[in-house]
Amino acid sequence: MEYDPDLRVTLIGAGTIGLSFAAFHLLHLQSPSQLTIYDTRPNLKTYVQEDLPKFYDNENSVPVPSSKVKTTQSLPEAVRNAHIIQESSPENLGIKRELWAEVEKYAPKEALLWSSTSGIPASQQSANMQDKCRLLVVHPYNPPHIMPLLELVPSPETSPQVIKRTQDFWRARGRVPIHLKKEITGFVANRLAFVLLREAIHLVDTGVVSVCELDKIVESSMGPRWAVAGPFKSYHAGGGVGGLEGFFNSIGGTVQDCWTGSGNVDGGERGVWCR
Ligand SMILES: NC(=O)C1=CN([C@@H]2O[C@H](COP(=O)(O)OP(=O)(O)OC[C@H]3O[C@@H](n4cnc5c(N)ncnc54)[C@H](O)[C@@H]3O)[C@@H](O)[C@H]2O)C=CC1
Ligand SMILES: O=C(O)[C@@H](O)C(=O)[C@H](O)[C@@H](O)CO
């Protein structure tokens with residue numbers, strides 16, 4: 001990949017996700033000075049200088065001089081010259097709405113505006129923006145400096161050019177951007193993960209397995225399997241010569257019984273799984 005010496009990236013919010021994105025960009029930018037971090041936390045510069053190096057396994061990767069990363073607590077200064085602006089602020093619609101309205105005032109017209117949100121649609125975040133076609137959800141899987149998935153979730157108003165430029169950016173850096181065709185709360189990865197989490201809680205709460213046993217079951221079965229084959233590919237293989245149809249022909253009844261009897265968990269109630 002050719003490093004673009006003129007590319008400037010601004011990250012808004014330097015917490016769990018923001019700092020991981022910073023670690024990612026520092027490995028893909030020609031100079032750390034091309035990266036700017038904006039955050040409202042106090043002692044931002046010290047925090048970045050002390051915490052960013054922790055993302056590098058120094059035995060296997062050259063530590064990047066995080067001291068050269070620009071930090072600021074002025075949003076206009078942070079976004080003024082940026083080509084890419086990604087927010088990883090708290091999962092709070094009010095904060096994100098306010099940020100985008102401000103960013104839009106000071107960012108270059110061509111800057112790509114991305115939200116790391118776990119599930120707040122761009123159409124909700126962009127409510128106070130003048131030009132809503134600019135905003136796109138780019139949802140990572142934690143930690144983004146390692147995990148390849150980016151779920152690109154446009155609002156109905158996001159422009160096709162913004163989507164294409166975003167896809168090209170991440171593909172050029174060896175990532176896996178998947179363009180979701182509809183907005184849905186939680187997008188895809190989280191919805192799938194949270195269905196499994198609900199059944200996991202149900203199985204622990206009803207005394208089938210312990211928390212540790214459940215984690216071990218996932219870590220020694222579907223975890224490794226899903227690293228190389230997703231659910232459709234897996235069960236197509238499980239159906240033998242009949243493929244996915246054969247799979248359902250042979251055990252579809254059991255599958256349906258599991259679906260019918262799946263747990264109904266209220267996330268607000270904290271059971272044994274949470275202790
Ligand atoms: N933690 C995770 O596993 C994942 C989180 N996300 C999403 O990424 C976003 C950030 O999540 P985390 O990094 O976990 O949160 P966090 O709480 O670790 O970091 C949030 C950062 O935003 C800063 N902040 C607070 N208010 C701000 C404001 N008004 N302007 C600028 N910065 C502000 C805080 O000082 C903090 O550094 C959320 O939308 C979350 O849903 C997405 C994928 C995974
Ligand atoms: O699981 C992940 O890394 C992401 O898909 C998320 O959005 C987080 O789980 C988030 O929902 C909670 O941290």
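If the cut-off is a Cα-Cα distance under 23 Å, which lysines reach LYS70, setting aside same-chain residues fewer than 8 apart in sequence? Once the sequence-local lysines are set aside, what remains near LYS70 is LYS45, LYS54, LYS96, LYS105, LYS109.
Calculated on C-alpha atoms, the gyration radius of the range 8-179 divided by its Kirkwood radius gives an Rg/Rh of 0.94. Between VAL195 and LYS109, the modelled label-to-label distance comes to 4.4 nm, taking each label 7 Å out from Cα in the direction of the beta carbon.
So if I take the centroid of the Cα atoms in the range 117-162 and the same for the range 8-39, what is the distance between those two points in Å? Cα centroid to Cα centroid, the span is 17 Å.
Taking all protein chains into account, the per residue accessible area for the chain stands at 55 Å² (1.4 Å probe).
A simple spin-label model places the labels of GLU245 and LEU93 4.4 nm from each other, with each point 7 Å out along Cα-to-Cβ.
Between LEU150 and VAL176, ILE178, the built amide H atoms are under 5 Å apart, and every one of these is 5 or more places off in sequence or on another chain. Using a simple spin-label model with points 7 Å from Cα along the Cα→Cβ vector, what separation in nm is obtained for TRP226 and SER67? So the label points at TRP226 and SER67 sit 4.3 nm apart. Available extension along the chain between ASP131 and SER74 is 18.3 nm, counting 0.36 nm per residue and deducting the alpha carbon span. Sequence neighbours fewer than 8 away in the same chain don't count; with that in mind, list the aspartates and glutamates whose C-alpha is under 17 Å from LYS132. LYS132 reaches GLU87, GLU98, GLU102, GLU104, GLU110, GLU157, GLU183. With a Förster radius of 30 Å applied to the beta-carbon distance between TRP273 and LEU180, the computed FRET efficiency rounds to 0.50.
The values are calculated or read from the model by the stated rules, or taken from the named source; none is laboratory data. Because the structure is a prediction, the values reported are computed rather than measured. Positions of Cβ are backbone-derived with ideal geometry, glycine not excepted, and every protein chain shown enters the neighbour counts. Protein only, heavy atoms only, side chains kept; ligands, DNA and RNA dropped before computing areas. Shrake-Rupley method; radii C 1.70, N 1.55, O 1.52, S 1.80 Å.
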